[in-house]
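The values are calculated or read from the model by the stated rules, or taken from the named source; none is laboratory data. Here the structure is a predicted model, which is why all the values come from computation and not from measurement. Neighbour counts are summed over all protein chains in view; Cβ atoms, including those assigned to glycine, are modelled from backbone coordinates with ideal geometry.
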Amino acid sequence: MGRLENKVAIVTGGAQGLGAAIAAGYAREGARVMVGDLDGDGARAVAKSLDVPGFSRRVDVSAEADMAALVADTITQFGGLDIMVNNAGILGPTGSILEVDASDWDATMSVHLRGTFLGIKHAARAMCDRGLGGVILNTASTAGVRGGLGPHAYTAAKHGIIGLTESVATELVADNIRVNAIAPGSHLTPMVARVLTGRADGFDEAEEMMRARSPQGRVAFPKDIVGAYIYLATDEAWFANGATLVIDGAREVLANLSVSNRRT
């Protein structure tokens with residue numbers, strides 16, 4: 001029996017990258033999964049590829065009607081909701097703060113921070129109504145725990161997600177709903193490949209660049225992050241609440257050490 005047997009999960013941003021890997025990992029552990037993404041065709045393809053029956057829905061996470069419908073459709077299809085993963089994200093504007101367009105800033109906040117807020121709101125309502133508790137996991141980033149690791153809007157949004165996670169966890173603990181964030185470091189996805197090489201399909205070149213920067217001399221992929229999402233969704237993790245789990249191959253730790261203490 002899988003660790004998530006008989007659980008029902010929603011994964012937003014599930015059409016590719018980390019979201020698709022989370023959906024596949026949950027399905028392998030026995031969960032029934034609703035895959036949500038603005039890319040409806042991509043979400044449908046991921047849902048069809050799962051080890052257990054899955055459903056998909058095209059969703060704009062920044063639109064409240066879409067998020068409410070995503071939760072309602074999941075409950076209609078599967079009879080309940082146990083796990084909500086707010087994972088949808090975009091890179092947003094890059095470059096100097098002097099040049100960032102306010103509309104691009106707002107779009108980044110809408111997907112990351114508003115989308116996470118709406119996912120929490122509607123998932124928590126459903127979980128509270130059902131009365132059986134649940135798990136809400138929010139994808140942050142190492143850019144959310146330290147500045148200078150991502151573009152300005154992206155960094156601000158990820159910091160906001162961590163703050164929102166901590167705030168909401170204190171409210172929902174009374175309803176047996178655990179709310180945690182996961183802050184992955186750089187791992188090879190189409191978005192990261194685009195940042196490093198200018199091409200979403202530039203995986204080989206991006207992998208070479210990432211390996212040169214890795215303290216462990218190896219590159220992480222979405223599959224290397226998924227275990228954290230599985231563990232925090234299980235009943236084993238009942239005592240983990242309001243936390244942010246950083247998974248970055250020690251880069252954050254090493255960044256806090258003096259140069260003289262680092263191994264080269």
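Some notes on this structure:
- Residue match in the stretch 80-90 (condition: out of contact with any Gly (no Cβ under 6 Å at 6 or more places or on another chain), surrounded by fewer than 23 Cβ atoms within 10 Å (Cβ to Cβ), over 25 Å from GLY147 (Cα atoms) and not hydrophobic (A, V, I, L, M, F, W, C)): yes
- Failed item in (1) in contact (Cβ under 8 Å) with a residue 40 or more places away in the chain; (2) over 20 Å from VAL168 (Cα atoms); (3) among the hydrophobic types (A, V, I, L, M, F, W, C), with ALA102 passing the rest: (1)
- For the condition part of a helix (DSSP H, G or I), touching a Phe, Trp or Tyr at 6+ places or on another chain (Cβ under 9 Å), of a type in the set (A, V, I, L, M, F, W, C) and in the same structural domain as HIS122 (by TED's automatic domain parsing), LEU70 does not qualify.
- Check on ALA181, surrounded by 20 or more Cβ atoms within 10 Å (Cβ to Cβ) and modelled with pLDDT of 95 or more: yes
- Residue in the stretch 37-54 that is modelled with the highest pLDDT, counting only those that are in contact with a Lys or Arg (Cβ under 8 Å, 6 or more places away or on another chain) and closer than 20 Å to GLY79 by Cα: GLY54
- Of residues in the stretch 162-180 being in a helix (DSSP H, G or I) and within 11 Å of LEU137 (Cα to Cα), the one farthest from the chain's Cα centre (by Cα): ALA169
- For beta carbons closer than 8 Å, sequence separation of 6+ or different chains, a first residue in the stretch 15-34 that is within 17 Å of GLY89 (Cα to Cα) and a second that is among the small types (Gly, Ala, Ser) and part of a loop (DSSP other than H, G, I, E, B), the qualifying pairs are GLY19/GLY13; GLY19/ALA88; ALA20/GLY14; ILE22/GLY14; ALA23/GLY14.
- Hits in the stretch 6-28 (condition: over 15 Å from the mean Cα position of the chain (by Cα) and closer than 20 Å to LEU132 by Cα): ASN6, LYS7, VAL8
- Taking the stretch 30-46 as the range and being buried (at least 20 other Cβ atoms within 10 Å of the Cβ) and closer than 19 Å to THR139 by Cβ as the test, the residues that pass are ALA31, VAL33, MET34, VAL35, GLY36, ASP37, ALA43, VAL46.
- Selected residue (only one of LEU118, LEU132, LEU149, LEU137 is under 15 Å from MET84 (Cβ atoms) and either surrounded by fewer than 21 Cβ atoms within 10 Å (Cβ to Cβ) or modelled with pLDDT under 95 (or both)): LEU132
- Criterion: under 18 Å from VAL61 (Cβ atoms) and touching a Ser or Thr at 6+ places or on another chain (Cβ under 7 Å) - qualifying residue of GLY13, GLY36, GLY42: GLY36
- Inside the stretch 80-107, residues that are more than 22 Å from LYS7 (Cα to Cα) and more than 15 Å from the chain's Cα centre (by Cα) make up a count of 16.
- Filtered residue count, the stretch 235-263, keeping only those that are of a type outside the set (Phe, Trp, Tyr) and modelled with pLDDT of 60 or more: 15
- Qualifying positions in the stretch 47-68 - under 13 Å from MET34 (Cα atoms), surrounded by fewer than 18 Cβ atoms within 10 Å (Cβ to Cβ) and of a type in the set (A, V, I, L, M): VAL52
- The number of residues in the stretch 73-102 that are assigned to a loop (DSSP other than H, G, I, E, B) and of a type in the set (Val, Ile, Thr) comes to 4.
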